[in-house]
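Q: Here you go, one structure.
Where a number appears in this text, it was derived from the coordinates with a stated rule and is not lab data. Because the structure is predicted, anything quoted here is derived from the model rather than measured. With ideal geometry, Cβ positions are generated from the backbone for all residues, glycine too; neighbour counts draw on all protein chains shown.
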Amino acid sequence: MRKIISIAVLISGNGKTLQNFIDCIKSGSLPAKIQIVISSNPDAKGLERAKINAIPTAVVSRSSYKDVNSFSEAITKKLEEYPIELITLAGFMHLYKIPDTYSGRVMNVHPGLIPAFCGHGYYGHKVHEAVIGYGAKVSGCTVHFADNVYDNGPIIIQRTTPVFDDDTPDTLAERVFKEECTAYPEAIRLFAEGRLKREGRRIVILKKE
Ligand code: GAR
């Protein structure tokens, strides 16, 4: 039987990625249980999506904390109330300083091909605007392990899409998000199956036993 992994989902806004996880869990393509959704924004639409699906929620508002350390400690305290195996950042727009206990157990998705168009200030639509503005011919998404630097940890999965001459940030975002919708659940499945082996900066995907 496939193992069901306990995850936490950290959001800041719309919660599109959270919705994708919920849909994948319902359809049986993601063997996970979302134990808690934590939002850095009390008005995040993603909180509604969680509530509709009877998923516990918490708000840890970035503006209530003086620095990234105290903000991150508040998140960790909330996470510790649940049996979390993997923390997923899903449109989470802040740095979460990862304590040793969760090291190697935090994933993020970035709507671009790391190491291009990433780092502090590159999120959501800003990434697609930058890709088109630069004249890049391909873009895509990156699922990676998070560390304590924005968009820096080792890459698990990347998926590409062409950038067309008539693309707008909206049309490109839509195609990239479609890739995210399969890549992120796939990375979680691989983690749940114990198939992600770290070798330095590289993540090797082990064959199924
Ligand atoms: C996703 O496209 C994700 O790649 C991006 O936010 C979107 C989901 O946000 N994340 C980042 O840009 C993080 N650097 P939403 O759930 O609020 O729509």
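Q: Place a point 7 Å from Cα of Ala136 in the direction of its Cβ. Which residues in region 160-198 have their backbone N less than 16 Å from it?
A: Once the point is set 7 Å along Cα→Cβ of Ala136, 160-165, 167-180 turn out to lie under 16 Å by backbone N, inside region 160-198.
Q: A further question on this structure: Ranking request for peptides 138-146, 161-169, 199-207, 15-23: highest mean number of other beta-carbon atoms within 10 Å first, then the rest in descending order. Spell out each step's value before the answer.
A: On the way: 138-146: 23.0, 161-169: 13.7, 199-207: 10.2, 15-23: 20.7.
Taking the mean over residues of other Cβ atoms within 10 Å, the ranking is 138-146, 15-23, 161-169, 199-207.
Q: Determine the dipole magnitude for the chain: charges of +1 sit on the beta-carbon of Lys and Arg, -1 on that of Asp and Glu, nothing else is charged, the reference point is the Cα centre, and the result goes in debye to the nearest 20.
A: 640 debye
Q: Same structure again: Between Asp100 and Asp67, 0.36 nm times their residue separation minus their Cα-Cα distance comes to what?
A: 10.0 nm
Q: Provide, as a two-decimal number, the C-alpha radius of gyration of region 1-56 over 2.2 N^0.38 Å, N being how many residues it has.
A: Working it through for region 1-56, the quotient is 1.09.
Q: Once R0 is set to 35 Å, what does the formula 1/(1 + (r/R0)^6) return for the Cβ-Cβ distance between Asp170 and Glu81, expressed as a FRET efficiency to the nearest 0.05?
A: Given R0 = 35 Å and the Cβ-Cβ separation, E is 0.35.
Q: Right, something else. For region 1-147, what percent of Cα pairs sit more than 21 Å apart?
A: Working: 4806 of 10731 pairs.
Roughly 45 percent, once rounded to a whole number.
Q: Based on Cβ point charges of +1 for Lys and Arg and -1 for Asp and Glu, what charge dipole magnitude is obtained for region 95-165 about its Cα centre, in debye rounded to the nearest 20?
A: With only Lys, Arg, Asp and Glu charged at Cβ, the dipole is about 80 debye.
Q: What is the distance, in nm, between label points placed 7 Å from the Cα along the Cα-to-Cβ direction at Met93 and at Val149?
A: With each label placed 7 Å out from Cα toward Cβ, I get 2.5 nm.
Q: What share of the DSSP beta bridges in the chain is antiparallel, in percent to the nearest 5?
A: Details: 15 of 32 bridges.
If I count the DSSP bridges inside the chain, around 45 percent turn out antiparallel.
Q: Give the separation of the Cα centroids, region 66-100 to region 134-209, in Å.
A: 21 Å
Q: Starting from the Cα of Arg201, step 7 Å along the direction of its Cβ; do the same at Glu129; then give the gap between the two resulting points in nm.
A: 2.9 nm
Q: For a quick check, take a GNM of the chain with Cα springs below 10 Å and name the residue from Tyr96, Tyr150, Tyr134 with the largest mean-square fluctuation.
A: The residue with the greatest mean-square fluctuation here is Tyr134.
Q: When the chain is modelled as a GNM with alpha-carbon springs shorter than 10 Å, which of Ser12, Ser64, Ser72 fluctuates the most?
A: Checking each option, the largest mean-square fluctuation is seen for Ser64.
Q: A further question on this structure: Counting each DSSP H run of 4 or more residues in the chain as -39500 (n - 2.57), what helix-only mean residue ellipticity at 222 nm follows after dividing by all residues, to the nearest 500 deg cm²/dmol?
A: Taken over the chain, the calculation gives -10000 deg cm²/dmol.
Q: Counting alpha carbon pairs within less than 8 Å and at least 6 residues apart, what relative contact order, in whole percent, applies to the chain?
A: 18 percent
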